[in-house]
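K.L.:
Have a look at the structure that comes next, please.
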Amino acid sequence: MLTEYNYDLFIIGAGSGGVRTARIAAQHGLSVGIAEQRFLGGTCVNVGCVPKKLFVLASQFPSKYYLSESFGWKYTTEPKFSWQVLKENKDKEIERLNQIYDNLLNESGADIMHIEAKFIDQNCLRVGNKNVTARNIVIASGSKSNQPSFKGNEYVIHSDDFFSMEKLPNKILIVGGGYIAIEFACLLNNLGVNVTIVNRSNQILRGFDREMVDKISQSMTQAGIKIHLDNEISEVSKFNDFYNVMTEKGYSFQVDKILSAIGRSPNTENLDLEKIKVETSKNGAVIINKNYQTSVNNVYALGDVVDRFQLTPVAIHEAMSLVNCLIGSPKQVDYENIPTAVFSTPEFATVGLSEESARKRFRNIEIYVSSFKSLSSSMSKKRDEILLKLIVTKNDQIVRGCHMVGENAAEIIQGFAVALKAGATKQIFDNTVGIHPSTAEEFVTMRSITR
């Protein structure tokens with residue numbers, strides 16, 4: 001297909017979406033180039049979901065250690081945690097994943113350029129110190145952490161910096177109440193850090209089912225995490241090795257780390273989009289149509305940079321859909337019933353509608369709720385209560401929402417996401433034989449309507 005262009009397709013950004021686009025396009029016979037100035041795999045692999053999950057797993061061992069005593073285990077020494085060992089092993093794992101991405105791209109036939117790319121015109125990019133032309137260009141440059149605006153904001157670290165901290169802090173203040181803030185708060189608390197959250201909203205985890213969030217919030221408070229809502233940081237000052245933090249409501253804190261987790265914005269700076277007049281929203285997100293096409297007909301965008309769903313699996317689906325569009329067999333991504341998880345303590349996973357959203361969309365719904373103590377903590381003084389919830393529309397009995405707070409929630413909800421995607425009814429759930437004893441069986445044995 002190559003005529004007057006260097007490539008049929010060039011991709012800016014080698015995160016999960018960009019890499020999948022390059023691989024699939026190359027497999028279809030297109031000549032492909034891809035530029036990444038930071039690291040292969042993007043935010044998720046390097047400073048996001050993968051290292052975060054590794055650190056969450058590390059933080060769960062103390063609880064398992066003490067819980068094991070109720071199962072007859074006794075130890076002669078107390079366990080000791082090494083932040084340095086965790087960091088070093090995490091780095092080795094990320095290096096391994098980076099190499100896998102590099103191999104996948106090389107094996108696909110795509111050309112990898114580890115350097116910045118920016119637009120000269122709609123078919124030409126400045127890649128490092130040379131010009132590269134392409135018939136079509138994909139913007140997959142991901143997102144970046146938002147910087148707070150309070151005085152002393154230069155003292156905060158972001159989620160991108162967290163995994164390279166030299167040592168584990170004794171006291172930390174986390175700004176924000178979204179899933180990133182909550183996950184970091186829980187894992188740090190599990191590792192023995194004194195954690196305070198300050199969030200300007202009157203609730204944490206906005207947009208999620210409130211009943212489930214209330215359970216998480218209660219558990220966090222019981223674990224010793226201090227949550228300050230309806231409040232904002234007004235000023236941060238440095239004093240020796242500590243930071244003094246003042247809030248709008250007059251509270252003051254002295255901590256040795258401040259983590260800002262107030263969301264992420266599309267990474268569109270330094271691309272020179274204005275040169276080709278690509279339309280963006282107020283927060284910099286690239287505006288696209290259903291085929292991922294921007295306002296410039298041969299320029300496309302996907303993933304975090306379009307700010308629809310900042311989730312790696314969504315970007316991967318978008319990549320495959322985009323390539324199908326380019327080769328003439330379009331297939332749209334279905335954004336309904338996308339499962340997601342918050343790796344908090346306790347873990348939270350969900351697919352479908354929250355109760356609040358369901359009540360706005362449907363006239364009559366039925367809510368099924370079940371809570372019980374987990375089997376793993378049943379012989380101990382620890383109270384790990386599991387909370388399950390189904391949301392069903394009354395007239396057709398279709399299950400519209402499936403939510404869980406408790407151990408292994410993500411693994412369990414992933415399976416039920418298939419059922420919701422297939423349009424399963426409550427009767428199908430009821431007719432399914434459960435696996436006993438298991439937490440998941442409760443989803444197919446709930447018979448009484450809660451409200």
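The values are calculated or read from the model by the stated rules, or taken from the named source; none is laboratory data. Predicted, not measured: the structure shown is a model, and the values here were computed from it. Glycine also receives a Cβ, built like all others from the backbone with ideal geometry; neighbour counts cover every protein chain displayed.
K.L.:
Just a yes or no: is a residue in segment 265-287 assigned to a helix (DSSP H, G or I) and within 30 Å of M165 (Cα to Cα)?
P.N.:
No, segment 265-287 contains no residue that is assigned to a helix (DSSP H, G or I) and within 30 Å of M165 (Cα to Cα).
K.L.:
Could you tell me how many of the residues in segment 204-223 are surrounded by 16 or more Cβ atoms within 10 Å (Cβ to Cβ) and of a type in the set (S, T, N, Q)?
P.N.:
Of the residues in that region, 2 qualify.
K.L.:
Criterion first (at positive phi and either assigned by TED's automatic domain parsing to the domain that holds K373 or at pLDDT below 95 (or both)) does G434 satisfy it?
P.N.:
Answer is no for this residue.
Here is a yes/no grid of residues against (1) of a type in the set (A, V, I, L, M); (2) within 19 Å of G178 (Cβ to Cβ); (3) touching a Pro at 6+ places or on another chain (Cβ under 8 Å):
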{"site": "I225", "(1), (2), (3)": "yes, yes, no"}
{"site": "H228", "(1), (2), (3)": "no, yes, no"}
{"site": "F242", "(1), (2), (3)": "no, no, no"}
{"site": "A285", "(1), (2), (3)": "yes, yes, yes"}
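K.L.:
Considering segment 150-172 alone, what residues qualify as being under 25 Å from A341 (Cβ atoms) and either crowded, with 19+ Cβ neighbours inside 10 Å or at pLDDT 95 or above (or both)?
P.N.:
Result: I157, H158, S159, F162, F163, M165, L168, I172.
K.L.:
When the residues of segment 79-124 are filtered to those that are surrounded by 12 or more Cβ atoms within 10 Å (Cβ to Cβ) and among the β-branched types (V, I, T), which remaining residue is farthest from the chain's Cα centre (by Cα)?
P.N.:
Checking each candidate, the answer is I120.
K.L.:
Can you confirm whether segment 374-389 contains a residue that is basic (K, R), touching a helix residue (DSSP H, G or I) at 6+ places or on another chain (Cβ under 7 Å) and surrounded by 14 or more Cβ atoms within 10 Å (Cβ to Cβ)? If you could, list the steps in order and put the result at the bottom.
P.N.:
Keep residues of segment 374-389 that are basic (K, R), which gives 381-383, 389.
Still in the list and also touching a helix residue (DSSP H, G or I) at 6+ places or on another chain (Cβ under 7 Å): 382-383, 389.
When the remaining residues are screened for being surrounded by 14 or more Cβ atoms within 10 Å (Cβ to Cβ), the result is 382, 389.
The answer is yes, given that some residue of segment 374-389 is basic (K, R), touching a helix residue (DSSP H, G or I) at 6+ places or on another chain (Cβ under 7 Å) and surrounded by 14 or more Cβ atoms within 10 Å (Cβ to Cβ).
K.L.:
Can you tell me which of (1) touching a Lys or Arg at 6+ places or on another chain (Cβ under 9 Å); (2) buried (at least 18 other Cβ atoms within 10 Å of the Cβ) is the one S141 doesn't meet?
P.N.:
Status for S141: all satisfied but (1).
K.L.:
Across segment 232-259, which residue is farthest from L173 (Cα to Cα) among those that are free of Cβ contacts under 8 Å to residues at least 24 places away in the same chain and in a strand (DSSP E or B)?
P.N.:
Applying the filter and picking the extreme gives F239.
K.L.:
Hey, any hits in segment 133-140 for a residue that's under 28 Å from L322 (Cα atoms) and assigned to a loop (DSSP other than H, G, I, E, B)?
P.N.:
yes
K.L.:
Then there's this: It is to be established whether one or more residues within segment 266-275 are touching a residue at least 12 places away in the same chain (Cβ under 8 Å), at positive phi and surrounded by 15 or more Cβ atoms within 10 Å (Cβ to Cβ).
P.N.:
yes
K.L.:
Select the helices (runs of 4 or more DSSP H) contained entirely in segment 1-72, then report the ones holding at least 3 residues which are loosely packed, with under 15 Cβ neighbours inside 10 Å.
P.N.:
Fully inside segment 1-72 and qualifying: 49-67.
K.L.:
Are any residues in segment 311-331 part of a loop (DSSP other than H, G, I, E, B) and polar (S, T, N, Q), and if so, which ones?
P.N.:
Selection gives S329 alone.
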